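The values are calculated or read from the model by the stated rules, or taken from the named source; none is laboratory data. Everything quoted here is computed from the prediction, not taken from an experiment. Here the Cβ positions follow ideal geometry from the backbone for every residue, glycine too, while neighbour counts run over all protein chains shown.
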Amino acid sequence: MDNFLQAIDTLTIKFTLAAVLLPLLAFIINLAIPGKNNKITGWISTTAILASTVLSVFVFSRIWNGHQVHQLLPWFIIGDTKIYAGILLNNLSVLMLLLVNLIALPVHLYSTAYMRNDEGYNRYFAYLSLFCFSMLALVVADNLVLFYIFWELVGFSSYLLIGFWFTRYKAVLANKKAFIMNRVGDIGLLTAIIILFTQFHTFDIDTLFAGTKAIAQPIIKSGLWMGLSGNMPSIWQYIACGGIFLAVAAKSAQFPLHTWLPDAMEGPTSISALIHAATMVAAGVFLLGRVYPMFNDTELTILAVIGCFTAFMAATIALTQNDLKRILAYSTISQLGYMIMAMGIGAYSSSLFHLVTHAFFKCLLFLVAGIVIHQMAHIRDDNELNIDPQSILNMGGLRKKMPLTFITALIGGLALIGLPFTSGYLSKDGILIQAFQWTEGKSAIYVLIPAFALLTTWLTAFYVTRLIVKVFFGDLRLLETYPAAKLHIKDGGWQYTVPLIILAVGSLFPFFSLNPLSYEQSWLFKALSPVGSTVQGSVFHVIVPVGINILSVLVIYGAYIIYARLKVNPFSPAGALWRLSFNEWYFDRFYNKYIVKPIMALCRGVFRFDRRVIDTFIHAIAYTGMALAKLAAWTDQYIIDGFLYLVTGIVKAIGNFARRFQAGKVQYYLYSMLVVILVIFLLKTLI
C-alpha cells in the first residue's frame, strides 16, 4: 500500500511539473515562431494552459484535504548548510495552482479574439505564457529562495505586459511605476528571507512553518510561532514581518504602495483581467498565507488597520472616477484590502475564500469592460469621432445591443457588492461577521475596523450601480454630441462569450456552496479552516448579513434612481470631498512632490556633482598624467636617449680612431709609441 501511495505521489509531482512547465514551453515556442501576428501562437499558448488546467485538476483532486506532498532535491551548499529545492503541495498551493489556471484559461481564449489585429500578437502570447509559468511556479515553490526567484519573475513579466504597448508614453510610465514600486516590496521580502535564514539556517517553508504542514491544519494560533529554535528576537521579528508586509503591500496594492495598480490599466484589458484581478495581486495574500504563523497579535492588528483603510480609501476613489478600467482597478484595491484586513483579524479562511471568489467576478468584470471598450472604439473609428472609449460618460444603453455582456456584467457586479446567491456574498459575509466577532472583548476603538468595512460595502454597492447604470442603462450619451453616429456593436463571437459564461457561473453560489446563505457550509471554507476550529454562532450571524444586504439594496436602488431616473450627479464638483475622491486622495501628487521630485532633484544634484566635481577632478588627474607622460617621453627621448647617444658616439669615435692604429704597419706602431711617450713626458713635465 505504501508503495502504491508513493507511486501516486510521484505521478502527482510529475503532473505538477508538467502543469508548471507547459506555459514555459509555449513561451519558448512562441518566441521562435517568425512574424508578428501569427495566429498559431495564440492557440499554442491556449492549448498549453488548457493542458495545464487539466493536470492541475488531477493534482487538486489528489492533494485537497489529503496528505501533503513535499519533494526535495539538493540544490547548493552554503558552508555546512545544504539547500534543497523542490515542490510543496498542500491545500493552499494546489488551490492556487488550480485557480491561476481556471482564470488564465478563459483569458487566453478571450485574448485570441481581443488581440487579433494587434501587431504584437506573437509577443503578447509569449509574455502571457511567461507570466503564467512564473505564477504557477511561485505557488508550488517549497523554499523562500525559489519563491523569491519566481516572485521577481512575476514582477518582470507583469512589467512586460503592462508596457506591452510601449509606443504609448503612458504605458511606459505605468510599467516603470509598477516595476519600481514592486522593487520596494522586493527589498522588504529579501530582507525578511535573509533574517529568517540567519535565525534558523534554512529556507524551507515547510520546516520554518511546521504549524502549516497542510493548510487543512494551517494555524494552531497565529502569534505563537516558535520557529525552529525558540522565539526569534523581537527586533528581528518586527523587521522580518515589516519586510513581509512591504512585499505584500507592493504586490497586492495596499496603502502606501497601491498607486501603481490604477496606472497599470494602460496594458491590454485582458491583461488587467488576469494579472490585476486574480493572479499577480493575489500573490501578496498568498505570501501572507504561507508565512501567517510568524505574525504576532500586534502585527496582525496593524495588518487589519491598513487593510481596512485601503479598502475604504479605494472605494471612495471609485465613486467619482469616469474611466471604466480605473473604477475596476480601485475596486480591486478595495477588495484586496478586505483580504488583508481578514488576515489581520484572524479570518484566515475567509480571506483566502474571498481571494478565490474575487478572482472569478473581478476577471469577469474586466473582460466585460474589454468588450465594451472594444465596441466603443469601433464606434469611434467607424465615425471618426474624438472620444475616449474608456469613459463611462460616453456610454449608456448598451444592454439593448449587448444583452449577454449586460447579464454577465450584472452577475459580476452583484457578486462584487456581495448580494445573496453570489459567491461574493459567501466570502464577504464571513469576513464581516468575523470582523465583528474579533472586536468582542476589545476596546471600543477596534469597532472602527468592522464599521468602516461595512461602510466600504455600501460604497461598493453605490459605485458598482453607478458603473452598471452609466454603461448599460439609458441612451448612448455620445449621441447627444454626435447624433449622426452609426452604431455597429454586439456581444462578439464565441471567443468573447464563452469566457464570460464560464466566469459568470463561477461567480454564483453553487460553485462554492449548496447553501447560498451560509459561508460555513462552503467546501472551500471548511477545508481552509484550522483543524479543530469550530464556527461559533452569534448574534452577528443574523444582524450583519441582514443589515448589510438591506442597506445594500437601498443603496443600489438610490443609486439607480439618481443615475437612471434623475440623471444627476449627486456629488458637487466644487466640494472638498469630491475633489479628494476625484484626485485619488492626492497620493500621486504627494508622492511626486515629496518623494519623486526630491529624489529626482537629489539625482540631478549628484549628477551635476559627478560631472562638475568628480569628473573634473578625474579629468585633471588624467590631464596631469598625460602631461607627466609627455614630459617623461620628452626626457626619455632627448635627455636619457641623448646622453646614451652621446656616450655611444664618443665610444664609436674613440674606437674608430684607435682602429687606425691596428692596420698592421710597423711605422704606425712606432709613431704611436712615440706619441704616447711624448704625451707621458709632457704630463710629467707639467706635473
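Summary of values
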item: Test: residue in the stretch 331-341 that is farther than 24 Å from Phe509 by Cβ, touching a Gly at 6+ places or on another chain (Cβ under 8 Å) and outside the structural domain of Phe421 (by TED's automatic domain parsing); result: yes
item: Lone qualifier among Ala174, Ala178 - being part of a helix (DSSP H, G or I) and either in contact with a Lys or Arg (Cβ under 6 Å, 6 or more places away or on another chain) or within 15 Å of Leu274 (Cβ to Cβ) (or both); result: Ala178
item: Search result, residues across the stretch 548-561 that are surrounded by 12 or more Cβ atoms within 10 Å (Cβ to Cβ) and at pLDDT 90 or above; result: Leu551, Ser552, Val553, Leu554, Val555, Ile556, Tyr557, Gly558, Ala559, Tyr560, Ile561
item: Verdict on Ile449 being within 25 Å of His354 (Cβ to Cβ), in contact with a Cys (Cβ under 9 Å, 6 or more places away or on another chain) and in a helix (DSSP H, G or I); result: yes
item: Ile103 being crowded, with 22+ Cβ neighbours inside 10 Å, assigned to a helix (DSSP H, G or I) and not assigned by TED's automatic domain parsing to the domain that holds Gly506; result: yes
item: Search result, residues across the stretch 297-327 that are of a type outside the set (A, V, I, L, M), touching a residue at least 40 places away in the same chain (Cβ under 8 Å) and assigned to a helix (DSSP H, G or I); result: Asp297, Glu299, Thr301, Gly307, Cys308, Phe309, Thr310, Phe312, Thr316, Lys325, Arg326
item: Residues of the stretch 478-515 satisfying the condition of being crowded, with 16+ Cβ neighbours inside 10 Å, at pLDDT 85 or above and assigned to a loop (DSSP other than H, G, I, E, B); result: Ser507, Phe512, Ser513
item: Residue match in the stretch 359-370 (condition: within 30 Å of Met115 (Cβ to Cβ) and charged (D, E, K, R)); result: yes
item: Lone unmet requirement of (1) polar (S, T, N, Q); (2) modelled with pLDDT of 90 or more; (3) not in a helix (DSSP H, G or I) for Ser331; result: (3)
item: Options Ser93, Ser158, Ser111: the member that is in a helix (DSSP H, G or I) and within 25 Å of Ile83 (Cα to Cα); result: Ser93
item: Among residues of the stretch 16-44, those that are touching a residue at least 24 places away in the same chain (Cβ under 8 Å) and under 17 Å from Glu119 (Cα atoms), counted; result: 11
item: Test: Ile40 is at pLDDT below 95, more than 25 Å from Ile149 (Cβ to Cβ) and β-branched (Val, Ile, Thr); result: yes
item: Within the stretch 360-397, considering residues that are of a type in the set (A, V, I, L, M, F, W, C) and part of a loop (DSSP other than H, G, I, E, B), the one surrounded by the most Cβ atoms within 10 Å (Cβ to Cβ); result: Met395
item: Evaluation of Asp429 against (1) at pLDDT below 90; (2) over 24 Å from Gly370 (Cβ atoms); (3) not in a helix (DSSP H, G or I) (one fails), failing number; result: (3)
item: Some residue of the stretch 50-69 being closer than 25 Å to Tyr148 by Cα, at pLDDT below 90 and part of a strand (DSSP E or B); result: yes
item: Condition met for Ala409 (in a helix (DSSP H, G or I), surrounded by 23 or more Cβ atoms within 10 Å (Cβ to Cβ), among the hydrophobic types (A, V, I, L, M, F, W, C) and in contact with a Pro (Cβ under 9 Å, 6 or more places away or on another chain)); result: no
item: Residue within the stretch 427-436 that is in contact with a Phe, Trp or Tyr (Cβ under 6 Å, 6 or more places away or on another chain), closer than 19 Å to Leu352 by Cα, surrounded by fewer than 23 Cβ atoms within 10 Å (Cβ to Cβ) and in contact (Cβ under 8 Å) with a residue 12 or more places away in the chain present; result: yes
item: Yes/no for Ala192 being at pLDDT 55 or above and within 23 Å of the chain's Cα centre (by Cα); result: yes
item: From the options Thr310, Thr316, Thr301, residue that is more than 22 Å from Val469 (Cβ to Cβ), of a type in the set (Ser, Thr, Tyr) and surrounded by fewer than 24 Cβ atoms within 10 Å (Cβ to Cβ); result: Thr301
item: Enumerated helices (runs of 4 or more DSSP H) restricted to the stretch 574-687, each holding at least 1 residues that are modelled with pLDDT under 80; result: 641-659, 666-686
item: From Met294, Met402, Met376, residue being touching an Asp or Glu at 6+ places or on another chain (Cβ under 7 Å) and at pLDDT below 95; result: Met402
item: The stretch 42-90 - residue that is touching a Phe, Trp or Tyr at 6+ places or on another chain (Cβ under 6 Å) and more than 26 Å from Phe197 (Cβ to Cβ) and, of those, surrounded by the fewest Cβ atoms within 10 Å (Cβ to Cβ); result: Phe58
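Quick grid of which residues meet (1) exposed (fewer than 10 other Cβ atoms within 10 Å of the Cβ); (2) within 30 Å of Asn592 (Cβ to Cβ); (3) not small (Gly, Ala, Ser):
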residue	(1), (2), (3)
Arg608	no, yes, yes
Ile614	no, yes, yes
Ile621	no, no, yes
Asp636	no, no, yes
Ile639	no, no, yes
Phe643	no, no, yes
Val651	no, no, yes
Asn656	yes, no, yes
Gln667	yes, no, yes
